[in-house]
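Read the structure below first, then the notes.
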Amino acid sequence: MTDRKATLTIDGLDETLELPVYEGTLGPAVVDVGNLVSSGVFTYDPGFTSTASCESAITYIDGGKGVLLHRGYPIEQLAEHSHYLEVCYLLLHGELPNAEQSENFESIIRNHTMVNDQVNTFFRGFRRDAHPMAIMCGVVGALSAFYHDATDISDLEHRVISAHRLVAKMPTLAAMTYKYTKGQPFMYPRNDLDYAENFLYMMFGNPCEEYKVSPVLARAMDRIFLLHADHEQNASTSTVRLAGSTGANPFACISAGIAALWGPSHGGANEAVLSMLSRIGDESRIEEFVARAKDKDDPFRLMGFGHRVYKNFDPRATVLKEAADEVLQELGMENDPLLRIARRLEKIALEDSYFIERKLYPNVDFYSGIILKAIGIPTSMFTVIFALGRTIGWIVHWNEMISNSYRIGRPRQLYIGHKQRDYVKMEDRSTTNA
Ligand code: CMC
């Protein structure tokens, strides 16, 4: 907090309003407009481009400089030296764990990987061709029906248990979703494997033969989880906070986050990238699709390009671009036709003035889609993988909100509908009424 004030004069209002200005540790200061309502005005910011919805000490982004910090640590350093579960601990507890804390945390997560056996039955209510994200919204929300023992949100211990359960069970549920849509038996988790290895094992293993997890693919998978772990107040995290502000239980809130993530402007973009590459189909058609993306009258956009916050580059994309090169080389897939289209598209878009002027760079979804395809993850599972990685971010933001003083989130509006009017009886209504 500082002594700085913002002064606001509004035509038609006699008084000059003095608004407090707060400084964070990094980034823009904020003007507290919370009391404006007493002067009879609201602020107006659809899309929340200039609105800070909360205080938070978890993640910092400087979109202009391409900076992403988790609890102060740059994402590039975490991607190089850390691993997903350590980043989960860091996000949840605020500090990197020492050796003992790390071992305890990983052991807790390992010991919560199984889901209640009744959940298996729950899956069977879905059609086999259901979209995996539709199943995930349902089964994650349904966890609240299984874990009554720890859903007192005012109890910190309960909140932490829920965080552990969610982080531990998401890979199991995600893999079950895949297996269900394939008509294959569910694979129980193997607690001798690490987090990413276990996920790949549950996805691609089967009870009839031994499945050996490739260390290169497990490392790539772990990096994808890590790079998706948190991203400040994005649409799905804000959804989780808003749902949580009503006092709803954590599983219901995370399910709301999964639903928000599904949209193609958010997490659904990684799936949309691959669908777009398939639609392009051949390198000779790239120019045609780039022209469509630039055409104001055509709703088509280049999926995997652009970001609301990053207007320079997406630091997660830089790490994933390297990882994509490693994985493709390891798998000998440099010449895969779709991946070649992706590479050409990236080059053309990066050199095109339309994309340069609007600061539209490949984002995290562009490269994660390429890696996931190379690993053999089906396109419809891409957003599920994003949800799996982001679960820690959602639950940590939810926990931060509940730990501090919070009020139910309740935005207002600029009303542009009819003024008050009297009810018209049926016989008095015109037949041409719209
Ligand atoms: N292809 C073509 N034009 C684009 C694109 C694109 N992918 N993205 C933005 N533009 C244009 C847009 O038409 C507008 O042009 P103009 O100024 O001439 O009207 C300008 O760039 C600014 O776009 P905007 O829609 O105002 O930007 P926004 O901040 O509201 O939207 C976005 C950000 C990510 C939704 C958008 O860039 C987009 O739809 N990208 C494709 C979807 C995608 O890859 N999403 C994943 C985001 S990263 C992962 C995550 O956080 O979930």
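Here are the numbers for the structure shown:
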quantity	calculated
Gyration tensor (alpha-carbon) shape descriptor, the range 167-322, a/c threshold 1.5	oblate
Accessible area per residue, Å², the chain with all protein chains present, probe 1.4 Å	52 Å²
Other-chain or far-sequence residues with amide H under 5 Å of Lys311's (modelled H)	Gly64, Gly66
Acute angle (nearest 10 degrees) that the helix 99-110 long axis makes with the longest principal axis of the chain, alpha-carbon atoms	90 degrees
Dipole in debye (nearest 20) - the chain, about Cα centre, beta carbon charges: Lys, Arg +1; Asp, Glu -1	1260 debye
Degrees, to the nearest 10: 315-330 long Cα axis against longest axis of the chain	20 degrees
Given the chain, longest segment not containing exposed loop GluC sites (Glu not before Pro) (DSSP; at most 14 other Cβ within 10 Å)	211-333
Between helix 84-93 and the chain: long-axis angle, C-alpha atoms, 0 to 90°, nearest 10	40 degrees
Percent accessible area from carbon and sulfur atoms, the chain, protein chains only, probe 1.4 Å	50 percent
In sequence order, calculated HN-Hα J values of the range 183-188 (Karplus, 6.51, -1.76, 1.60; Hz; x Gly/Pro)	x, 9, x, 5, 9, 5
Distance (nanometres) between label positions extended 7 Å along Cα→Cβ at Ile416 and His81	5.1 nm
Dipole of the chain, positive end: most advanced residue of Tyr180, Leu68, Leu17 [Cβ charges, Cα centre]	Tyr180
Reachable lysines from Lys182, criterion Cα separation under 29 angstrom, eight or more residues apart if same chain	Lys169, Lys212, Lys373
Rel. contact order, % - alpha carbon contacts under 8 angstrom, at least six apart, the range 309-434	29 percent
Amide N of the range 319-351 lying under 16 Å from the label point, which is placed 7 angstrom from the Cα of Glu283 along Cα→Cβ	333-349
Long-range HN-HN contacts of Phe305 with modeled amide H, under 5 Å	Asn363
Cα-projected label distance for Asp32 with Cys208, points at 7 Å along beta-carbon direction, nm	6.6 nm
Relative contact order of the range 135-272, defined on C-alpha pairs under 8 angstrom at six or more residues apart (%)	29 percent
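The values are calculated or read from the model by the stated rules, or taken from the named source; none is laboratory data. Nothing here was measured: the structure is a model prediction, and the numbers come from that model. So basically every Cβ, Gly included, is an ideal-geometry build from the backbone, and we count neighbours across all protein chains shown. In case anyone asks, the SASA skips ligands and DNA or RNA and just uses the protein heavy atoms, side chains included. Shrake-Rupley method; radii C 1.70, N 1.55, O 1.52, S 1.80 Å.
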